[in-house]
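Structure record follows, encoded as C-alpha cells.
The values are calculated or read from the model by the stated rules, or taken from the named source; none is laboratory data. Since this is a predicted model, take the numbers as computed values, not measurements. Cβ coordinates were reconstructed from backbone atoms using ideal geometry, including for glycine residues, and neighbour counts include every protein chain displayed.
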Amino acid sequence: MSAPRGMNATVDDKKMHSVAWRSVGFCSLGIWVCLALFRGGFWKLRERLRPAVAGADGRVTAIIPARDEREFIGRAVASLHAQNHPLRVIVADDESTDGTGAASGADLVVTVEPRPPGWKGKLWAVASGIDAEKTNPDYFLLTDADIEHVSPDLVTSLLAQADRGFDLVSVMVQLRCESVAEQLLIPAFVFFFFQLYPPAWVASEKGSAAAAGGCMLIRREMLARIGGIASIRDALIDDCSLAARVRACGGRVWMGISDLPIRSIRPYGGVAGIRAMIARSAFAQLRHSSLVLAGTIAAMLLTYIAPPLLLLTGDRWATACGLAAWLLSAILYVPTVRLYRAPLWTTACLPLIAIFYLIATIESAVRYWSGRGGLWKGRLQDA
C-alpha cells in the first residue's frame with residue numbers, strides 16, 4: 001500500500017528544508033575556513049610596529065586637526081613633545097569655540113579659515129596645517145587630537161618602518177576599551193577592519209590599500225606626488241583614501257598594530273556613542289551603493305548570524321556545521337580580544353556583535369538618504 005499523497009509531500013518538504021539548511025551550513029563553515037586560511041592571516045595580528053632604537057634620519061612635523069578638543073589636545077601635544085625623536089607640532093584649530101588652540105601647547109597654532117566647497121572639514125584643517133609649515137620636513141605625522149603617543153620611541157619606530165621602503169606607515173591605535181559596552185563592541189571594530197583590509201596584503205600590495213587614520217606617517221615628497229591633501233579633499237574615509245592615492249602613484253603602504261603604547265583617550269559614551277561612530281561613516285565605506293549594502297547584509301547574515309541559528313534547525317549536519325563555524329569564528333577572534341584585554345566570553349558573542357554593526361550600517365544608509373549623513377560636531381559631512 002502506498003503512502004498517502006499528503007504524507008509524501010510532508011516528507012519531501014522536510015528533505016528540502018534539510019537540504020537548504022545544510023547548504024547554508026556548508027557555506028557558512030566554508031567562509032570561516034577560507035577566512036582562517038586564505039585571508040592573509042588577518043586575525044593573527046602579526047603586522048606590528050616593533051620598538052626601534054634608531055629610525056631614519058628625517059625631520060618630522062606632526063599635524064593635528066582639532067575642533068573643540070580642549071579636553072584632550074593638551075595630552076596629545078605633550079605626548080608628541082615627549083618623543084625621543086624631535087619634531088614640530090602644528091595644531092590646526094578648526095573653528096573651535098572652547099579655546100582648543102590656546103590650550104594645546106603646540107609649536108604653532110593655525111586658525112583654519114572657513115572651508116571651501118567640496119572639502120571635508122577635517123581634511124581642510126589638515127591641509128591648512130600642512131600649508132602653514134614652511135620648514136620642509138621630510139615627513140608629516142598625521143594624527144588626531146585624542147591620540148596619546150605614550151611611548152617616547154613611537155616616532156623613532158615609525159621612521160624605522162618607513163626606512164624599510166614604505167611611503168605611508170600607519171598604526172591602528174589602541175582604542176578605548178574600559179566599559180562593558182566598549183569591551184563587547186570595540187575589539188570587533190578592529191577585527192572587522194582587518195578582515196576587510198588584511199595588513200599583510202596591504203604591505204604586499206596583494207589587496208586594497210588601507211591605513212589607520214589615528215597615526216599616519218607620510219613622506220613629504222610622496223604627499224606632493226599625489227597632489228597633496230587636495231587630492232582626497234572630498235573623502236569621508238580619509239585614511240583609506242590617502243592610502244589608495246599613495247598606492248596609485250607608485251608608493252608603498254604599511255599598516256598594523258603597535259607593540260609600543262599609543263592610545264585613543266576619547267570615551268565613546270556607551271552603546272549609543274559606539275553606534276553613532278559606526279553610523280557616521282559605514283555607508284560611505286560601502287561607496288553609498290545600495291547594491292553593496294544588500295551584499296553586505298547577505299554576507300553578514302551568512303557569515304556571522306547563520307551559525308547559531310543553524311543549531312535550532314534540528315538537522316544533524318546543519319547543526320554540526322553551524323557549531324563548527326561559530327566555534328571557528330570565536331577562535332579567530334581570540335587574538336583581538338586578548339589585545340584589548342576584554343573578557344574571553346565576548347568571543348562567543350560575535351553573532352550578536354555582528355547584528356549590532358549591521359544595524360548601525362543600515363542606520364548609516366538611512367541617515368545618508370535622509371540628508372543627515374556623517375554628523376560630527378554640528379557638521380553634516382556625508383549628506
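Identify all residues within the range 252-285 that are of a type outside the set (A, V, I, L, M) and either buried (at least 21 other Cβ atoms within 10 Å of the Cβ) or part of a helix (DSSP H, G or I) (or both); write none if there are none.
254, 256, 258, 268, 270, 273, 275, 280, 281, 283, 285 - these are the residues of the range 252-285 that are of a type outside the set (A, V, I, L, M) and either buried (at least 21 other Cβ atoms within 10 Å of the Cβ) or part of a helix (DSSP H, G or I) (or both).
Does residue 36 satisfy the criteria of being part of a helix (DSSP H, G or I), under 22 Å from the mean Cα position of the chain (by Cα), surrounded by 14 or more Cβ atoms within 10 Å (Cβ to Cβ) and not assigned by TED's automatic domain parsing to the domain that holds residue 215?
Here the answer is yes, as residue 36 does meet what is asked.
Conditions: (1) crowded, with 19+ Cβ neighbours inside 10 Å; (2) within 23 Å of the chain's Cα centre (by Cα); (3) not acidic (Asp, Glu). Residue 326 meets all but one. Number of the miss?
Answer for residue 326: the failing condition is (2).
Kindly indicate whether any position in the range 18-33 is at pLDDT below 95 and closer than 20 Å to residue 161 by Cα.
Looking through the range 18-33, none of the residues is at pLDDT below 95 and closer than 20 Å to residue 161 by Cα.
Where residues in the range 81-108 are of a type in the set (A, V, I, L, M, F, W, C) and either out of contact with any helix residue (DSSP H, G or I) (no Cβ under 7 Å at 6 or more places or on another chain) or buried (at least 21 other Cβ atoms within 10 Å of the Cβ) (or both), which of them is nearest to residue 373 (Cα to Cα)?
Filtering the range 81-108 for residues that are of a type in the set (A, V, I, L, M, F, W, C) and either out of contact with any helix residue (DSSP H, G or I) (no Cβ under 7 Å at 6 or more places or on another chain) or buried (at least 21 other Cβ atoms within 10 Å of the Cβ) (or both), the one nearest to residue 373 (Cα to Cα) comes out as 92.
Give me the residue from the range 109-119 that is buried (at least 19 other Cβ atoms within 10 Å of the Cβ) and in contact with a strand residue (DSSP E or B) (Cβ under 8 Å, 6 or more places away or on another chain) and, out of that set, nearest to residue 234 (Cα to Cα).
This residue is 112.
State yes or no: is residue 242 surrounded by fewer than 20 Cβ atoms within 10 Å (Cβ to Cβ) and assigned to a helix (DSSP H, G or I)?
no
For the range 192-216, what are the residues that are in a helix (DSSP H, G or I) and surrounded by fewer than 23 Cβ atoms within 10 Å (Cβ to Cβ)?
Within the range 192-216, 192, 193, 195, 196, 200, 201, 203, 204 qualify.
For residue 334, only one of the following conditions fails: (1) surrounded by fewer than 17 Cβ atoms within 10 Å (Cβ to Cβ); (2) out of contact with any helix residue (DSSP H, G or I) (no Cβ under 6 Å at 6 or more places or on another chain). What is its number?
Residue 334 satisfies all of (1) surrounded by fewer than 17 Cβ atoms within 10 Å (Cβ to Cβ); (2) out of contact with any helix residue (DSSP H, G or I) (no Cβ under 6 Å at 6 or more places or on another chain) except (2).
Here is a check on your reading of the model: is residue 62 touching a Phe, Trp or Tyr at 6+ places or on another chain (Cβ under 8 Å) and either assigned to a loop (DSSP other than H, G, I, E, B) or assigned by TED's automatic domain parsing to the domain that holds residue 164 (or both)?
Here the answer is yes, as residue 62 does meet what is asked.
Which of the following residues is touching a strand residue (DSSP E or B) at 6+ places or on another chain (Cβ under 9 Å) and either at pLDDT below 95 or surrounded by 24 or more Cβ atoms within 10 Å (Cβ to Cβ) (or both): 125, 132, 78?
Step by step, each of 125, 132, 78 is checked, and only 125 is touching a strand residue (DSSP E or B) at 6+ places or on another chain (Cβ under 9 Å) and either at pLDDT below 95 or surrounded by 24 or more Cβ atoms within 10 Å (Cβ to Cβ) (or both).
Please tell me if residue 333 is farther than 13 Å from residue 184 by Cα, modelled with pLDDT of 95 or more and within 21 Å of the chain's Cα centre (by Cα).
no
Table: residues versus (1) in a helix (DSSP H, G or I); (2) closer than 25 Å to residue 197 by Cα; (3) at pLDDT 95 or above.
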residue	(1), (2), (3)
287	no, yes, no
298	yes, yes, yes
302	yes, yes, yes
319	yes, no, yes
323	yes, no, yes
327	yes, yes, yes
353	yes, yes, yes
364	yes, yes, yes
383	no, no, no
